[in-house]
Amino acid sequence: MTQAVEQGVAKYAVTLENSTENSITMPEGENGMAKYRIRVQIAVNDDGTPVYKQIQADSQNALNDRIVKTYIESGRIWEFMNHPEISTDKETITFGEYVENWLNVYKANQLKPATMATYKKHLHAHVLPAFGKRDITSITTEDIQLFLNERKHLAKKTLSSMRHFMGGIFKDAVEDGLIESDPTASRRISIPSTKAFEREALPLEVFKEIMGNLDLLQPHDKRMLVLMMFTGMRRGEVLGLRWEDIDMDHGLIHIQRNVTHSQGNKPIIGTTKSKSGKRDIPLDGYVIECLTPMESKGFIFGGNEPITMTTYNNTMKRIRKTIDLHGATAHVFRHSYLTYMAGEETDMKTLQSIAGHSTISMTMDRYAHAQPQKIIAAGKKMHALLAG
């Protein structure tokens, strides 16, 4: 019996002991001992009338014990546990405890490995140090805003991602009945990032310089770099490419999968980043040259299975030792390719498809830049219109 229950029982037993209406003390029994009787309500009939049970004992203490036993057996003991005069210790759960269970039970088999890795990165670097030991019911909207304010040096995308991540946790905590509302959902919350970040495409002359040095690379290394430079594919899509995905007859690459290494060195084959990531992209002549002669099946990089992260890193180190990439990564090459394509006035819907973006607004935001040459050309057109 918990301390709260013991306190409640004792308090209710004292009430009964002092009640002259319910308890009856007999003058003396046949054996010379006083007898105590009481009628206890144990239930209610369908018509609302009470159901009583009479109990008795040879002493007040024994009677109190039988009263408690009767109420436990009838189930009415819990009515007294909710009595406003009885103090109960409410069980609490910390934010960290709830998140651990939330991830293991509900998210481990639902999230893609890369997404799970991002969640855990945010958790261990920021969220758990701030809220891990806090009672989950104590975290307020103000706490969330202060958390974001203290990290305004981070990129806006990072802060938005953490808010979205925490929102998922708190929404499920509401469903579990632990909290009344999600503290991240308030309209008052703002993302205070002061970090201005815009990924830059390589200047065209730098891109052409790298192109001019590709023949210095080993054939295998050259093939990897060419696929990154001339297709707009994500790194994981390049590593997940199979020979069967190359459609020479129609001049297309069929992107079917994505490879991540979020759980260590071993490659994990998964679906594309989004539904729109499964797409066809044009097969450049330079890419065809590097893919020839073709093999019949298997991963282009790895054979029976994709290469490990160690192998990928060693490949890139070898490339950088041979030619100057000017700090470019796989993502910079993707960004550069799509930026150049946008500069050639490729329509946004086509560019969206090649990029594998889920929305055209994402493509517009990233690649429909007001390039200087277009601004100058627009000015000349306007001048010609007005002069005419």
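The values are calculated or read from the model by the stated rules, or taken from the named source; none is laboratory data. In this text, all values refer to a predicted model and were calculated from it rather than measured experimentally. With ideal geometry, Cβ positions are generated from the backbone for all residues, glycine too; neighbour counts draw on all protein chains shown.
Which of the residues that make up the range 220-253 are more than 13 Å from Ile300 (Cβ to Cβ) and surrounded by fewer than 17 Cβ atoms within 10 Å (Cβ to Cβ)? Passing the criteria: Asp247, Met248, Asp249, His250, Gly251, Leu252.
Checking the structure you have, find out if any residue of the range 165-184 is surrounded by 15 or more Cβ atoms within 10 Å (Cβ to Cβ), closer than 30 Å to Lys266 by Cα, in contact with a Ser or Thr (Cβ under 6 Å, 6 or more places away or on another chain) and not aromatic (Phe, Trp, Tyr). Within the range 165-184 (the criterion being surrounded by 15 or more Cβ atoms within 10 Å (Cβ to Cβ), closer than 30 Å to Lys266 by Cα, in contact with a Ser or Thr (Cβ under 6 Å, 6 or more places away or on another chain) and not aromatic (Phe, Trp, Tyr)), the answer is yes, since at least one residue qualifies. Within the range 218-237, the set of residues being on the phi < 0 side of the Ramachandran plot and among the small types (Gly, Ala, Ser) comprises Gly236 only.
Matching residues to (1) outside any helix (DSSP H, G or I); (2) without any contact (Cβ under 8 Å) to a residue 60 or more places away in the chain:
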| residue | (1), (2) |
| --- | --- |
| Lys171 | no, yes |
| Glu180 | yes, yes |
| Ser193 | yes, yes |
| Ala201 | yes, no |
| Ile210 | no, no |
| Leu227 | no, no |
| Asp249 | yes, yes |
| Ile253 | yes, yes |
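For (1) at pLDDT 80 or above; (2) in a helix (DSSP H, G or I); (3) not assigned by TED's automatic domain parsing to the domain that holds Ile269, each residue gets a yes or a no:
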residue	(1), (2), (3)
Val40	yes, no, yes
Asn64	yes, yes, yes
Thr70	yes, yes, yes
Glu73	no, yes, yes
Ile86	no, no, yes
Lys90	no, no, yes
Asn101	yes, yes, yes
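Would you confirm, using the coordinates I've provided, whether Met294 is modelled with pLDDT of 90 or more and surrounded by fewer than 17 Cβ atoms within 10 Å (Cβ to Cβ)? For Met294, the condition - modelled with pLDDT of 90 or more and surrounded by fewer than 17 Cβ atoms within 10 Å (Cβ to Cβ) - is met. When restricted to residues that are touching a residue at least 60 places away in the same chain (Cβ under 8 Å), buried (at least 17 other Cβ atoms within 10 Å of the Cβ) and within 16 Å of Asp284 (Cα to Cα), the range 332-357 contains 8.
For the range 281-292, filtering for residues that are more than 18 Å from Leu214 (Cα to Cα) and not aliphatic (A, V, I, L, M) leaves 1.
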